[in-house]
(Lines give C-alpha, C1' and ligand atoms only; values in the text may rest on other atoms or scores of the structure.)
Protein backbone atom coordinates (compact mmCIF):
# COMPACT_ATOMS: atom_id res chain seq x y z
CA UNK A 1 0.00 0.00 0.00
CA UNK A 2 1.35 3.44 -0.98
CA UNK A 3 2.46 5.68 1.90
CA UNK A 4 -0.39 8.07 1.15
CA UNK A 5 -2.90 5.24 1.28
CA UNK A 6 -1.69 4.27 4.76
CA UNK A 7 -4.46 6.65 5.79
CA UNK A 8 -6.86 3.70 5.38
CA UNK A 9 -4.84 1.56 7.79
CA UNK A 10 -4.52 4.42 10.26
CA UNK A 11 -8.30 4.80 10.45
CA UNK A 12 -8.73 1.02 10.71
CA UNK A 13 -6.18 0.72 13.52
CA UNK A 14 -7.82 3.56 15.42
CA UNK A 15 -11.27 2.02 15.00
CA UNK A 16 -10.09 -1.30 16.40
CA UNK A 17 -7.88 0.00 19.21
CA UNK A 18 -9.58 3.10 20.62
CA UNK A 19 -11.32 2.49 23.94
CA UNK A 20 -13.18 5.57 25.19
CA UNK A 21 -12.69 6.64 28.80
CA UNK A 22 -15.53 6.72 31.30
CA UNK A 23 -16.08 10.47 30.99
CA UNK A 24 -16.23 10.11 27.21
CA UNK A 25 -18.75 7.29 27.50
CA UNK A 26 -20.95 9.49 29.67
CA UNK A 27 -20.73 12.27 27.09
CA UNK A 28 -21.56 9.88 24.23
CA UNK A 29 -24.57 8.55 26.13
CA UNK A 30 -25.78 12.13 26.39
CA UNK A 31 -25.21 12.60 22.66
CA UNK A 32 -27.21 9.48 21.81
CA UNK A 33 -30.01 10.54 24.15
CA UNK A 34 -30.01 13.99 22.59
CA UNK A 35 -30.22 12.60 19.05
CA UNK A 36 -32.99 10.12 19.81
CA UNK A 37 -35.07 12.64 21.78
CA UNK A 38 -34.90 14.97 18.79
CA UNK A 39 -35.83 12.07 16.48
CA UNK A 40 -38.84 11.16 18.62
CA UNK A 41 -39.99 14.77 18.53
CA UNK A 42 -39.59 14.90 14.74
CA UNK A 43 -41.56 11.69 14.36
CA UNK A 44 -44.67 13.54 15.51
CA UNK A 45 -44.65 15.67 12.37
CA UNK A 46 -46.18 14.45 9.15
CA UNK A 47 -43.74 16.54 7.09
CA UNK A 48 -40.81 14.85 8.83
CA UNK A 49 -42.21 11.38 8.26
CA UNK A 50 -42.84 12.17 4.61
CA UNK A 51 -39.11 12.76 4.19
CA UNK A 52 -37.84 10.10 6.57
CA UNK A 53 -40.01 7.02 6.40
CA UNK A 54 -40.48 4.57 3.51
CA UNK A 55 -43.42 5.65 1.35
CA UNK A 56 -44.87 2.15 1.07
CA UNK A 57 -44.01 0.94 4.56
CA UNK A 58 -46.75 0.06 7.00
CA UNK A 59 -45.30 2.17 9.77
CA UNK A 60 -45.94 5.47 8.02
CA UNK A 61 -48.84 6.42 10.28
CA UNK A 62 -46.78 6.37 13.44
CA UNK A 63 -43.73 8.28 14.69
CA UNK A 64 -41.82 5.01 14.94
CA UNK A 65 -38.09 4.86 14.44
CA UNK A 66 -38.17 1.18 13.62
CA UNK A 67 -40.77 -1.35 12.49
CA UNK A 68 -39.70 -4.96 13.01
CA UNK A 69 -39.88 -6.99 9.83
CA UNK A 70 -40.60 -4.01 7.60
CA UNK A 71 -37.54 -1.77 7.67
CA UNK A 72 -34.20 -3.04 6.37
CA UNK A 73 -30.84 -1.82 7.55
CA UNK A 74 -30.40 0.79 4.80
CA UNK A 75 -33.87 2.34 4.80
CA UNK A 76 -33.91 2.18 8.60
CA UNK A 77 -30.60 4.02 8.80
CA UNK A 78 -31.84 6.67 6.38
CA UNK A 79 -35.18 7.07 8.16
CA UNK A 80 -33.86 7.41 11.69
CA UNK A 81 -30.96 9.61 10.56
CA UNK A 82 -33.33 11.98 8.80
CA UNK A 83 -35.51 12.27 11.90
CA UNK A 84 -32.40 13.11 13.95
CA UNK A 85 -31.48 15.96 11.56
CA UNK A 86 -34.96 17.17 10.59
CA UNK A 87 -35.42 19.97 13.14
CA UNK A 88 -31.77 21.14 12.95
CA UNK A 89 -31.56 20.48 16.70
CA UNK A 90 -28.79 17.85 16.83
CA UNK A 91 -25.22 18.15 18.10
CA UNK A 92 -22.42 19.74 16.12
CA UNK A 93 -18.65 20.23 15.90
CA UNK A 94 -17.70 23.58 14.40
CA UNK A 95 -14.04 24.20 15.23
CA UNK A 96 -13.07 23.38 11.64
CA UNK A 97 -15.22 21.93 8.83
CA UNK A 98 -18.69 21.83 10.38
CA UNK A 99 -20.03 18.34 10.93
CA UNK A 100 -22.95 16.85 12.85
CA UNK A 101 -21.47 13.67 14.40
CA UNK A 102 -24.93 12.46 15.47
CA UNK A 103 -25.64 11.70 11.81
CA UNK A 104 -23.62 8.49 12.26
CA UNK A 105 -25.86 7.15 15.04
CA UNK A 106 -28.63 5.75 12.86
CA UNK A 107 -26.23 3.69 10.75
CA UNK A 108 -24.65 2.21 13.90
CA UNK A 109 -28.10 1.33 15.25
CA UNK A 110 -28.87 -0.68 12.14
CA UNK A 111 -25.37 -2.12 11.91
CA UNK A 112 -25.89 -3.58 15.38
CA UNK A 113 -29.32 -4.94 14.48
CA UNK A 114 -27.93 -6.41 11.25
CA UNK A 115 -24.86 -7.73 13.03
CA UNK A 116 -26.98 -9.72 15.44
CA UNK A 117 -28.52 -11.53 12.47
CA UNK A 118 -25.40 -11.87 10.31
CA UNK A 119 -22.68 -12.78 12.81
CA UNK A 120 -22.09 -16.39 13.75
CA UNK A 121 -21.77 -15.52 17.44
CA UNK A 122 -24.47 -16.72 19.82
CA UNK A 123 -24.17 -13.57 21.96
CA UNK A 124 -26.03 -10.36 21.17
CA UNK A 125 -24.28 -7.04 20.68
CA UNK A 126 -24.76 -5.02 23.87
CA UNK A 127 -25.60 -1.40 24.54
CA UNK A 128 -22.06 -0.96 25.89
CA UNK A 129 -20.58 -2.01 22.53
CA UNK A 130 -23.03 0.34 20.81
CA UNK A 131 -21.84 3.28 22.94
CA UNK A 132 -18.20 2.38 22.23
CA UNK A 133 -18.98 2.30 18.50
CA UNK A 134 -20.63 5.72 18.63
CA UNK A 135 -17.61 7.12 20.50
CA UNK A 136 -15.26 5.76 17.83
CA UNK A 137 -17.40 7.26 15.06
CA UNK A 138 -17.63 10.65 16.77
CA UNK A 139 -13.84 10.76 17.18
CA UNK A 140 -13.33 9.91 13.50
CA UNK A 141 -15.85 12.55 12.41
CA UNK A 142 -14.24 15.27 14.50
CA UNK A 143 -10.69 14.36 13.46
CA UNK A 144 -11.62 14.28 9.77
CA UNK A 145 -13.27 17.67 10.24
CA UNK A 146 -9.86 18.99 11.28
CA UNK A 147 -8.04 17.23 8.42
CA UNK A 148 -10.35 18.20 5.58
CA UNK A 149 -10.79 21.89 6.32
CA UNK A 150 -7.59 23.34 4.85
CA UNK A 151 -7.26 22.83 1.10
CA UNK A 152 -10.05 20.38 0.35
CA UNK A 153 -12.79 22.88 -0.36
CA UNK A 154 -15.00 20.40 -2.15
CA UNK A 155 -15.39 18.22 0.96
CA UNK A 156 -18.88 18.28 2.44
CA UNK A 157 -19.60 17.28 6.04
CA UNK A 158 -21.65 14.31 4.85
CA UNK A 159 -18.47 12.84 3.30
CA UNK A 160 -17.04 12.63 6.80
CA UNK A 161 -20.18 10.85 8.02
CA UNK A 162 -19.85 8.28 5.23
CA UNK A 163 -16.23 7.47 6.06
CA UNK A 164 -16.85 7.23 9.81
CA UNK A 165 -19.93 5.08 9.26
CA UNK A 166 -18.06 2.70 6.94
CA UNK A 167 -15.15 2.26 9.32
CA UNK A 168 -17.01 1.80 12.58
CA UNK A 169 -19.80 -0.33 11.15
CA UNK A 170 -17.29 -2.72 9.61
CA UNK A 171 -15.91 -3.11 13.14
CA UNK A 172 -19.41 -3.57 14.60
CA UNK A 173 -20.10 -6.31 12.05
CA UNK A 174 -17.00 -8.20 13.18
CA UNK A 175 -14.61 -7.06 10.48
CA UNK A 176 -10.83 -7.02 10.79
CA UNK A 177 -8.36 -4.37 9.65
CA UNK A 178 -8.59 -5.45 6.00
CA UNK A 179 -12.39 -5.29 6.06
CA UNK A 180 -12.31 -1.81 7.56
CA UNK A 181 -9.77 -0.61 4.98
CA UNK A 182 -12.01 -1.93 2.22
CA UNK A 183 -15.12 -0.24 3.62
CA UNK A 184 -13.35 3.10 4.07
CA UNK A 185 -11.77 2.98 0.60
CA UNK A 186 -15.15 2.49 -1.06
CA UNK A 187 -16.73 5.21 1.07
CA UNK A 188 -13.98 7.57 -0.11
CA UNK A 189 -14.57 6.50 -3.71
CA UNK A 190 -18.16 7.73 -3.43
CA UNK A 191 -16.77 11.26 -3.01
CA UNK A 192 -18.92 14.00 -1.51
CA UNK A 193 -22.01 15.75 -2.83
CA UNK A 194 -21.49 19.24 -4.17
CA UNK A 195 -22.23 21.73 -1.39
CA UNK A 196 -24.63 23.94 -3.35
CA UNK A 197 -27.62 22.56 -1.42
CA UNK A 198 -26.22 24.00 1.84
CA UNK A 199 -25.76 27.56 0.61
CA UNK A 200 -28.17 30.48 0.99
CA UNK A 201 -30.37 31.06 -2.06
CA UNK A 202 -29.93 27.37 -2.99
CA UNK A 203 -30.64 25.44 0.21
CA UNK A 204 -33.01 22.48 -0.13
CA UNK A 205 -34.34 19.76 2.16
CA UNK A 206 -31.31 17.72 1.15
CA UNK A 207 -29.68 19.55 4.03
CA UNK A 208 -31.91 17.43 6.30
CA UNK A 209 -31.31 14.01 4.79
CA UNK A 210 -27.80 14.20 3.32
CA UNK A 211 -26.09 12.98 6.51
CA UNK A 212 -28.55 10.11 6.90
CA UNK A 213 -28.01 9.13 3.29
CA UNK A 214 -24.23 9.16 3.78
CA UNK A 215 -24.53 7.09 6.96
CA UNK A 216 -26.57 4.46 5.16
CA UNK A 217 -24.01 4.41 2.31
CA UNK A 218 -21.24 3.88 4.84
CA UNK A 219 -23.17 0.97 6.32
CA UNK A 220 -23.65 -0.44 2.81
CA UNK A 221 -19.89 -0.42 2.22
CA UNK A 222 -19.29 -2.01 5.63
CA UNK A 223 -21.66 -4.88 4.83
CA UNK A 224 -20.04 -5.31 1.41
CA UNK A 225 -16.57 -5.46 2.91
CA UNK A 226 -17.33 -7.85 5.77
CA UNK A 227 -19.92 -10.17 4.25
CA UNK A 228 -19.48 -9.90 0.49
CA UNK A 229 -15.69 -9.95 0.31
CA UNK A 230 -15.38 -6.58 -1.44
CA UNK A 231 -11.70 -5.89 -2.18
CA UNK A 232 -9.97 -2.78 -0.89
CA UNK A 233 -9.29 0.07 -3.30
CA UNK A 234 -5.75 0.33 -1.99
CA UNK A 235 -4.81 3.25 -4.26
CA UNK A 236 -7.97 5.26 -3.66
CA UNK A 237 -5.93 8.29 -2.60
CA UNK A 238 -2.57 7.95 -4.36
CA UNK A 239 -3.55 6.99 -7.92
CA UNK A 240 -2.95 10.16 -9.94
CA UNK A 241 -5.17 9.12 -12.82
CA UNK A 242 -8.19 7.59 -11.09
CA UNK A 243 -7.80 8.14 -7.32
CA UNK A 244 -8.45 11.20 -5.19
CA UNK A 245 -5.20 12.78 -6.43
CA UNK A 246 -6.72 12.86 -9.92
CA UNK A 247 -9.02 15.63 -8.67
CA UNK A 248 -6.05 17.98 -8.56
CA UNK A 249 -6.19 18.38 -4.78
CA UNK A 250 -3.17 17.69 -2.59
CA UNK A 251 -3.93 14.66 -0.44
CA UNK A 252 -0.30 13.71 0.22
CA UNK A 253 -0.28 15.18 3.73
CA UNK A 254 -3.33 13.18 4.81
CA UNK A 255 -2.52 11.33 8.05
CA UNK A 256 -4.96 10.07 10.65
CA UNK A 257 -3.10 10.65 13.92
CA UNK A 258 -5.16 11.16 17.06
CA UNK A 259 -3.19 11.09 20.30
CA UNK A 260 -6.01 12.13 22.66
CA UNK A 261 -9.43 11.27 21.22
CA UNK A 262 -11.16 11.70 24.58
CA UNK A 263 -10.03 15.31 24.72
CA UNK A 264 -11.25 15.88 21.16
CA UNK A 265 -14.69 14.45 21.94
CA UNK A 266 -14.98 16.79 24.90
CA UNK A 267 -15.25 19.65 22.35
CA UNK A 268 -18.64 18.43 21.11
CA UNK A 269 -21.33 21.13 21.16
CA UNK A 270 -25.04 20.68 21.80
CA UNK A 271 -27.97 22.86 20.82
CA UNK A 272 -29.99 23.82 23.89
CA UNK A 273 -32.79 26.32 23.30
CA UNK A 274 -33.09 26.53 19.54
CA UNK A 275 -33.31 24.18 16.60
CA UNK A 276 -31.49 26.36 14.10
CA UNK A 277 -28.05 27.08 12.67
CA UNK A 278 -25.41 26.90 15.42
CA UNK A 279 -23.75 30.05 14.03
CA UNK A 280 -26.76 32.06 15.26
CA UNK A 281 -27.18 30.62 18.76
CA UNK A 282 -25.03 32.98 20.82
CA UNK A 283 -26.51 36.26 19.61
CA UNK A 284 -30.06 34.87 19.60
CA UNK A 285 -29.60 33.73 23.21
CA UNK A 286 -28.51 37.26 24.13
CA UNK A 287 -31.51 38.87 22.41
CA UNK A 288 -33.78 36.38 24.22
CA UNK A 289 -32.18 37.29 27.54
CA UNK A 290 -32.49 41.04 26.95
CA UNK A 291 -36.15 40.74 25.89
CA UNK A 292 -36.95 39.29 29.32
CA UNK A 293 -36.15 42.64 30.95
CA UNK A 294 -36.74 45.10 28.11
CA UNK A 295 -39.99 44.76 26.08
CA UNK A 296 -39.13 43.97 22.48
CA UNK A 297 -41.73 46.44 21.20
CA UNK A 298 -39.44 49.21 22.50
CA UNK A 299 -36.60 48.05 20.21
CA UNK A 300 -36.06 50.44 17.34
CA UNK A 301 -33.14 48.52 15.83
CA UNK A 302 -31.20 45.31 16.46
CA UNK A 303 -27.72 45.22 14.92
CA UNK A 304 -25.60 42.08 14.92
CA UNK A 305 -21.91 42.80 14.39
CA UNK A 306 -20.29 39.58 13.28
CA UNK A 307 -17.67 37.69 11.33
CA UNK A 308 -17.54 36.14 7.88
CA UNK A 309 -19.15 32.94 9.24
CA UNK A 310 -22.27 34.96 10.08
CA UNK A 311 -22.73 36.61 6.69
CA UNK A 312 -24.70 33.79 4.97
CA UNK A 313 -27.31 33.83 7.74
CA UNK A 314 -28.49 37.38 7.04
CA UNK A 315 -29.92 36.92 3.55
CA UNK A 316 -32.47 39.70 3.06
CA UNK A 317 -34.24 38.29 0.00
CA UNK A 318 -37.96 39.00 -0.16
CA UNK A 319 -38.72 35.28 -0.18
CA UNK A 320 -36.85 32.67 1.83
CA UNK A 321 -37.77 29.05 0.95
CA UNK A 322 -39.00 26.87 3.81
CA UNK A 323 -35.88 24.71 3.61
CA UNK A 324 -33.74 27.74 4.52
CA UNK A 325 -35.80 29.43 7.23
CA UNK A 326 -34.02 27.87 10.22
CA UNK A 327 -30.77 29.19 8.73
CA UNK A 328 -31.81 32.83 8.42
CA UNK A 329 -31.34 35.22 11.34
CA UNK A 330 -33.78 37.72 9.80
CA UNK A 331 -36.44 35.07 10.34
CA UNK A 332 -35.12 33.57 13.57
CA UNK A 333 -34.94 36.81 15.57
CA UNK A 334 -38.49 38.03 14.79
CA UNK A 335 -39.76 34.49 15.41
CA UNK A 336 -38.15 34.48 18.85
CA UNK A 337 -39.46 37.89 19.84
CA UNK A 338 -42.97 37.59 18.43
CA UNK A 339 -43.79 33.95 19.19
CA UNK A 340 -41.60 33.40 22.24
CA UNK A 341 -39.42 30.65 20.81
CA UNK A 342 -37.67 29.39 17.70
CA UNK A 343 -39.35 26.29 16.38
CA UNK A 344 -40.01 24.66 13.06
CA UNK A 345 -43.74 25.13 13.73
CA UNK A 346 -43.29 28.85 13.11
CA UNK A 347 -41.56 28.59 9.74
CA UNK A 348 -44.91 28.37 7.92
CA UNK A 349 -45.87 31.26 5.62
CA UNK A 350 -48.78 32.30 7.84
CA UNK A 351 -46.36 33.10 10.67
CA UNK A 352 -43.50 34.78 8.82
CA UNK A 353 -45.81 36.88 6.64
CA UNK A 354 -47.71 38.37 9.59
CA UNK A 355 -47.52 42.21 9.62
CA UNK A 356 -45.94 42.26 13.10
CA UNK A 357 -43.30 39.79 11.89
CA UNK A 358 -42.44 41.97 8.91
CA UNK A 359 -42.17 45.02 11.17
CA UNK A 360 -39.60 43.25 13.34
CA UNK A 361 -37.66 42.08 10.29
CA UNK A 362 -37.17 45.66 9.17
CA UNK A 363 -35.48 46.45 12.50
CA UNK A 364 -32.72 43.86 12.05
CA UNK A 365 -29.37 44.80 10.54
CA UNK A 366 -26.06 43.02 10.14
CA UNK A 367 -22.60 44.59 10.13
CA UNK A 368 -19.65 42.53 8.95
CA UNK A 369 -16.64 43.73 10.93
CA UNK A 370 -13.65 42.55 8.92
CA UNK A 371 -11.02 44.43 10.91
CA UNK A 372 -11.86 43.38 14.48
CA UNK A 373 -9.82 40.75 16.29
CA UNK A 374 -12.15 37.98 17.43
CA UNK A 375 -11.13 35.60 20.22
CA UNK A 376 -13.83 33.04 19.44
CA UNK A 377 -14.73 31.72 15.95
CA UNK A 378 -18.41 32.67 16.37
CA UNK A 379 -17.97 35.69 18.64
CA UNK A 380 -20.32 38.57 17.84
CA UNK A 381 -21.71 41.81 19.21
CA UNK A 382 -25.38 42.66 19.76
CA UNK A 383 -26.40 46.34 19.64
CA UNK A 384 -29.99 47.13 20.60
CA UNK A 385 -31.29 50.66 20.07
CA UNK A 386 -34.42 51.63 21.98
CA UNK A 387 -37.22 54.05 21.12
CA UNK A 388 -36.07 56.41 23.91
CA UNK A 389 -32.68 56.84 22.22
CA UNK A 390 -30.83 54.56 24.61
CA UNK A 391 -28.40 52.01 23.16
CA UNK A 392 -27.38 48.73 24.78
CA UNK A 393 -24.31 46.82 23.55
CA UNK A 394 -23.48 43.22 24.42
CA UNK A 395 -20.54 41.05 23.43
CA UNK A 396 -21.32 37.35 23.00
CA UNK A 397 -19.03 34.38 22.53
CA UNK A 398 -19.99 30.81 23.36
CA UNK A 399 -23.58 29.57 23.40
CA UNK A 400 -25.21 27.53 26.20
CA UNK A 401 -24.35 24.19 24.61
CA UNK A 402 -20.63 24.90 24.34
CA UNK A 403 -18.41 22.58 26.42
CA UNK A 404 -17.03 25.47 28.47
CA UNK A 405 -20.36 25.57 30.34
CA UNK A 406 -19.69 22.14 31.85
CA UNK A 407 -22.39 20.60 34.03
CA UNK A 408 -24.72 23.55 33.55
CA UNK A 409 -25.27 22.58 29.93
CA UNK A 410 -26.25 19.07 31.06
CA UNK A 411 -28.99 20.57 33.22
CA UNK A 412 -30.15 22.63 30.24
CA UNK A 413 -30.10 19.54 28.02
CA UNK A 414 -32.44 17.74 30.42
CA UNK A 415 -35.04 20.48 29.92
CA UNK A 416 -34.62 20.20 26.15
CA UNK A 417 -35.12 16.43 26.22
CA UNK A 418 -38.26 16.67 28.34
CA UNK A 419 -39.71 19.16 25.86
CA UNK A 420 -38.89 16.88 22.91
CA UNK A 421 -40.42 13.83 24.57
CA UNK A 422 -43.59 15.73 25.51
CA UNK A 423 -44.02 16.57 21.84
CA UNK A 424 -43.19 13.17 20.39
CA UNK A 425 -44.33 10.60 22.93
CA UNK A 426 -47.40 9.65 24.93
CA UNK A 427 -47.29 11.18 28.39
CA UNK A 428 -47.53 7.81 30.15
CA UNK A 429 -44.38 6.58 28.37
CA UNK A 430 -42.06 9.56 28.91
CA UNK A 431 -40.52 8.34 32.16
CA UNK A 432 -39.89 4.88 30.71
CA UNK A 433 -38.34 6.31 27.55
CA UNK A 434 -36.17 8.68 29.57
CA UNK A 435 -34.92 5.76 31.66
CA UNK A 436 -34.11 3.71 28.56
CA UNK A 437 -32.20 6.60 27.00
CA UNK A 438 -30.06 6.93 30.13
CA UNK A 439 -28.37 3.56 29.40
CA UNK A 440 -28.24 2.60 33.08
CA UNK A 441 -27.92 -1.11 32.31
CA UNK A 442 -25.77 -3.05 29.87
CA UNK A 443 -28.19 -5.25 27.93
CA UNK A 444 -28.70 -6.67 24.47
CA UNK A 445 -29.00 -3.67 22.17
CA UNK A 446 -31.75 -5.27 20.08
CA UNK A 447 -33.90 -5.71 23.20
CA UNK A 448 -33.22 -2.15 24.30
CA UNK A 449 -34.09 -0.75 20.88
CA UNK A 450 -37.23 -2.84 20.50
CA UNK A 451 -38.47 -1.50 23.84
CA UNK A 452 -37.75 2.06 22.75
CA UNK A 453 -39.60 1.56 19.48
CA UNK A 454 -42.67 0.10 21.13
CA UNK A 455 -42.83 2.96 23.61
CA UNK A 456 -42.55 5.49 20.77
CA UNK A 457 -45.81 4.48 19.06
CA UNK A 458 -48.06 7.49 19.48
CA UNK A 459 -50.98 8.09 17.20
CA UNK A 460 -52.83 7.31 14.00
CA UNK A 461 -53.41 9.23 10.81
CA UNK A 462 -56.08 11.57 12.16
CA UNK A 463 -53.56 13.23 14.49
CA UNK A 464 -50.84 14.90 12.47
CA UNK A 465 -48.86 18.05 12.87
CA UNK A 466 -48.12 19.79 9.60
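The values are calculated or read from the model by the stated rules, or taken from the named source; none is laboratory data. These numbers were taken from a predicted model, which means no experiment stands behind them. As a convention, Cβ positions derive from the backbone with ideal geometry for all residues, glycine included, and neighbour counts pool all protein chains shown.
Any residue that is closer than 15 Å to residue 281 by Cα, under 26 Å from the mean Cα position of the chain (by Cα) and buried (at least 20 other Cβ atoms within 10 Å of the Cβ) - is there at least one of those in the range 387-398? Checked against the condition, which is being closer than 15 Å to residue 281 by Cα, under 26 Å from the mean Cα position of the chain (by Cα) and buried (at least 20 other Cβ atoms within 10 Å of the Cβ), the range 387-398 yields at least one hit. When 162, 198 are checked against the criterion of being out of contact with any strand residue (DSSP E or B) (no Cβ under 8 Å at 6 or more places or on another chain), modelled with pLDDT under 95 and within 17 Å of residue 103 (Cβ to Cβ), 198 stands alone in meeting it. Taking residue 256 as the residue in question, decide whether it is part of a loop (DSSP other than H, G, I, E, B) and either over 20 Å from residue 366 (Cα atoms) or touching a residue at least 60 places away in the same chain (Cβ under 8 Å) (or both). It is true that residue 256 is part of a loop (DSSP other than H, G, I, E, B) and either over 20 Å from residue 366 (Cα atoms) or touching a residue at least 60 places away in the same chain (Cβ under 8 Å) (or both).
Yes/no per residue for (1) on the phi > 0 side of the Ramachandran plot; (2) assigned by TED's automatic domain parsing to the domain that holds residue 93:
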{"residue": "229", "(1), (2)": "yes, yes"}
{"residue": "244", "(1), (2)": "no, yes"}
{"residue": "249", "(1), (2)": "no, yes"}
{"residue": "254", "(1), (2)": "no, yes"}
{"residue": "258", "(1), (2)": "no, yes"}
{"residue": "272", "(1), (2)": "no, no"}
{"residue": "288", "(1), (2)": "no, no"}
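The one condition from (1) modelled with pLDDT of 95 or more; (2) within 26 Å of residue 30 (Cα to Cα) that residue 274 does not meet is (1). Scanning the range 151-170 for any residue that is surrounded by fewer than 23 Cβ atoms within 10 Å (Cβ to Cβ), under 21 Å from residue 2 (Cβ atoms) and touching a helix residue (DSSP H, G or I) at 6+ places or on another chain (Cβ under 8 Å) turns up nothing.
Across the range 414-427, a minimum of one residue is classified as within 30 Å of residue 305 (Cβ to Cβ) and in contact with a helix residue (DSSP H, G or I) (Cβ under 9 Å, 6 or more places away or on another chain). Counting only residues that are surrounded by 13 or more Cβ atoms within 10 Å (Cβ to Cβ) and in contact (Cβ under 8 Å) with a residue 12 or more places away in the chain, the range 225-244 holds 12 of them. Screening the candidates 370, 358 for the property of being loosely packed, with under 13 Cβ neighbours inside 10 Å, over 15 Å from residue 87 (Cβ atoms), out of contact with any strand residue (DSSP E or B) (no Cβ under 7 Å at 6 or more places or on another chain) and modelled with pLDDT of 95 or more yields one hit, 358. Could you tell me whether the range 13-33 includes any residue that is modelled with pLDDT of 95 or more, in the same structural domain as residue 166 (by TED's automatic domain parsing) and farther than 25 Å from residue 439 by Cβ? Checked the range 13-33: at least one residue is modelled with pLDDT of 95 or more, in the same structural domain as residue 166 (by TED's automatic domain parsing) and farther than 25 Å from residue 439 by Cβ. Based on what the data block shows, is residue 182 touching a residue at least 24 places away in the same chain (Cβ under 8 Å), within 22 Å of residue 267 (Cβ to Cβ), surrounded by 16 or more Cβ atoms within 10 Å (Cβ to Cβ) and touching a helix residue (DSSP H, G or I) at 6+ places or on another chain (Cβ under 7 Å)? No; evaluated as a whole, the condition is false for this residue.
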